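The values are calculated or read from the model by the stated rules, or taken from the named source; none is laboratory data. Predicted model, so just to flag it, every value in this text is computed and none were measured. Because the Cβ atoms are built from the backbone with ideal geometry, glycine has one as well, and the counts that use them run over all protein chains shown. In case anyone asks, the SASA skips ligands and DNA or RNA and just uses the protein heavy atoms, side chains included. Shrake-Rupley method; radii C 1.70, N 1.55, O 1.52, S 1.80 Å.
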Amino acid sequence: MMDYPLTISTVMRYGTTVFGDKEVVTCAGDEPARRRSYAAVGERAARLANALRSLGVDGDQRVATFMWNNAEHLEAYLAIPSMGAVLHTLNLRLSPEQVGYIATHAGDYAVIVDASLIPLFANVLPLAETIKHVIVSGPADAAALGALTGQGREVHSYEELLAGARDTFDWPDLDERSAAAMCYTSGTTGLPKGVAYSHRSSYLHSMAVCTANALGASEQDRIMPIVPQFHANAWGLPYAAMMSGADLVMPDRFMIPAAVVKLIETEKVTMGAGVPTIWQGMLAHLRAHGGDVSSLRTLVCGGSALPEAVMRAYADEFGITMTHAWGMTELSPLGSVAREPVGVTGEAVWPYRASQGRLICGVEGRLTGDDGQVLPSDGKAVGELECRGPWITASYYLDDAPEKFHDGWLRTGDVGTLDAEGFIRLTDRAKDVIKSGGEWISSMELENLIMAHPAVAEAAVIGVPDDRWGERPLAAVVLRPDAEATPDELRAYLADRIPRWQLPERWTFVDEVPKTSVGKFKKTTLRDQYAAGTLAVTKLGALPH
Ligand code: AMP
């Protein structure tokens with residue numbers, strides 16, 4: 001067979017010609033959405049590559065993006081890797097200190113910044129000295145641009161650069177093992193770590209995303225990635241869309257539930273992708289205000305455990321089957337997708353749909369115990385999940401982190417079971433498990449059960465020190481608007497569903513569960529608040545018999 005390199009340039013060439021009349025739609029709030037054909041995106045990607053070349057990008061320089069999900073970000077996704085440089089998507093939800101650290105660690109040479117994010121990025125620049133060129137996408141006045149100037153740095157307009165550049169580019173032949181993109185982990189603890197994706201790994205991952213057992217992206221689809229393009233490449237969906245001819249419907253910065261519902265209605269979105277918080281917010285909006293979401297064939301949900309109650313609500317109230325998936329930045333990110341095996345029907349589907357899913361071909365998994373021994377994949381043994389495969393990182397960028405690898409496998413830090421059919425059921429992050437009297441309590445299971453209570457909007461459970469048991473669960477609960485429930489009632493509700501010794505006695509009601517930059521529960525903040533005594537905690541007595 002031919003030794004043909006698997007590169008992003010191949011994906012770009014295919015998508016922008018064979019599917020040249022497909023489109024990327026960018027939401028513009030109350031204005032009409034912006035529409036651009038894939039053919040036009042291809043031409044603009046060539047212009048962008050020429051422009052970057054003229055600014056000195058001639059090798060594997062890191063070209064960063066600080067952008068929302070939109071057409072220009074898609075152009076950067078195609079042009080930067082295809083010209084041989086490395087696309088580095090910066091997370092705009094992090095603090096300026098963190099973004100500055102990450103940009104410096106990666107050695108970013110140039111950055112494309114959305115005009116709406118100039119004030120934020122102006123705070124990053126003094127901390128990111130390697131950046132020599134700032135390219136502003138979108139309308140910006142001179143005063144705003146002035147905030148970006150600095151010694152040894154040039155500021156450009158994206159559109160002016162493109163207008164002045166040639167519309168064809170001599171795309172180089174690239175080694176498929178060279179770096180195409182990089183992304184830093186969101187780092188709930190410790191410093192963020194860089195993961196560099198190769199052309200080959202991105203290509204194979206995108207193909208896997210398109211397979212029917214995974215997300216099954218096809219020409220029939222209009223895909224709306226709410227998951228940011230800076231979070232693990234929007235789960236590979238932009239490249240998967242180019243490969244499959246699916247249209248892309250981008251939310252830009254308009255991600256409140258009302259805007260998302262309107263986008264689904266007007267653009268006839270077939271597949272949305274986002275973290276649970278997004279779909280929980282949309283559910284509350286649909287219940288309160290209604291909306292036509294009948295074009296959806298599925299809502300893909302990952303990044304954190306999707307409560308079964310939310311999946312059931314979408315199915316029962318709106319006829320939408322949600323697709324729960326698991327992954328991580330280190331896995332490009334897709335690892336597993338939850339669909340019941342063929343023949344499973346009725347109530348029996350839920351344990352499958354609510355699981356983290358079946359590993360997809362290309363991602364091998366195993367469980368290991370405390371001392372590193374491999375445990376059986378029998379659906380019973382609980383251990384840390386380890387993975388290996390062609391789109392799983394083998395190291396971190398300029399960071400040895402030997403504790404993250406084990407004999408050629410990546411230690412995911414996720415704890416749970418794996419069964420003979422390849423289904424993962426996570427119970428916790430390794431650092432979040434609660435050990436009470438020597439026995440494990442799953443914080444995720446408790447959270448899911450509490451979130452199934454009709455009065456509860458959100459719940460996070462952490463382990464807190466306990467004199468008698470070592471550790472006990474503390475439940476932090478956000479009630480739905482206008483709903484009421486006491487800790488006693490919530491505990492009584494749980495009492496029918498889990499062993500009594502696992503029932504939390506400590507409860508606190510909060511306005512919001514603290515979240516990380518990518519919408520995961522930030523349990524470290526809750527732990528700090530508990531330790532500092534700033535949470536109003538109710539401690540219940542022993543349960544009456
Ligand atoms: P990130 O690298 O930011 O995508 O975070 C990856 C981590 O998110 C995983 O290691 C899991 O702990 C968590 N995660 C992702 N998807 C799920 C899911 N479906 N259920 C539970 N946890 C998840």
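General observations
- The numbered conditions (1) farther than 28 Å from Gly245 by Cβ; (2) not in a strand (DSSP E or B) are all true for His156 except (2).
- Condition check for Ala143: touching a residue at least 12 places away in the same chain (Cβ under 8 Å) and either part of a helix (DSSP H, G or I) or not acidic (Asp, Glu) (or both): no
- Listing of helices (runs of 4 or more DSSP H) fully contained in region 421-533 that carry 3 or more residues being over 30 Å from Lys404 (Cα atoms), open to solvent by 40 Å² or more (accessible area, probe 1.4 Å) and not aromatic (Phe, Trp, Tyr): 487-495
- A single entry from Ser95, Ser37 fulfils the requirement of being in contact with a strand residue (DSSP E or B) (Cβ under 8 Å, 6 or more places away or on another chain), closer than 23 Å to Ile226 by Cα, of a type in the set (Ser, Thr, Tyr) and open to solvent by 10 Å² or more (accessible area, probe 1.4 Å): Ser37.
- Considered as a group, the residues in region 305-325 that are surrounded by 20 or more Cβ atoms within 10 Å (Cβ to Cβ) and among the hydroxyl-bearing types (Ser, Thr, Tyr) include one that is nearest to Thr270 (Cα to Cα), and that residue is Thr323.
- Boolean, Leu410 is over 20 Å from Cys301 (Cα atoms), more than 13 Å from the ligand (Cβ to nearest atom), part of a strand (DSSP E or B) and open to solvent by less than 10 Å² (accessible area, probe 1.4 Å): no
- Residues located in region 195-209, provided they are open to solvent by 30 Å² or more (accessible area, probe 1.4 Å) and within 16 Å of the ligand (Cβ to nearest atom): Ala196
- Any chance Gly372 is modelled with pLDDT under 95 and either touching a strand residue (DSSP E or B) at 6+ places or on another chain (Cβ under 7 Å) or more than 11 Å from the ligand (Cβ to nearest atom) (or both): yes
- Selection status of Gly290, within 11 Å of the ligand (Cβ to nearest atom) and on the phi > 0 side of the Ramachandran plot: no
- Beta carbons closer than 8 Å, at least 6 apart along the sequence or on distinct chains, pair a first residue in region 1-25 that is at negative phi and part of a loop (DSSP other than H, G, I, E, B) with a second that is among the acidic types (Asp, Glu) and at pLDDT 95 or above for Pro5/Asp173; Pro5/Asp175; Pro5/Glu176; Leu6/Glu176; Thr7/Glu176; Phe19/Glu219; Lys22/Glu219; Lys22/Asp247.
- Criterion (farther than 22 Å from His88 by Cα, away from the ligand (no atom under 16 Å from the Cβ) and not hydroxyl-bearing (Ser, Thr, Tyr)) met by exactly one of Glu265, Glu308: Glu265
- Put simply, of Ala284, Ala338 the only residue that is within 16 Å of the ligand (Cβ to nearest atom) and either in contact (Cβ under 8 Å) with a residue 40 or more places away in the chain or within 23 Å of Gly365 (Cα to Cα) (or both) is Ala338.
- Of the residues Ala212, Ala217, Ala258, Ala232, the single one that is without any contact (Cβ under 8 Å) to a residue 24 or more places away in the chain and either more than 16 Å from the ligand (Cβ to nearest atom) or open to solvent by less than 10 Å² (accessible area, probe 1.4 Å) (or both) is Ala212.
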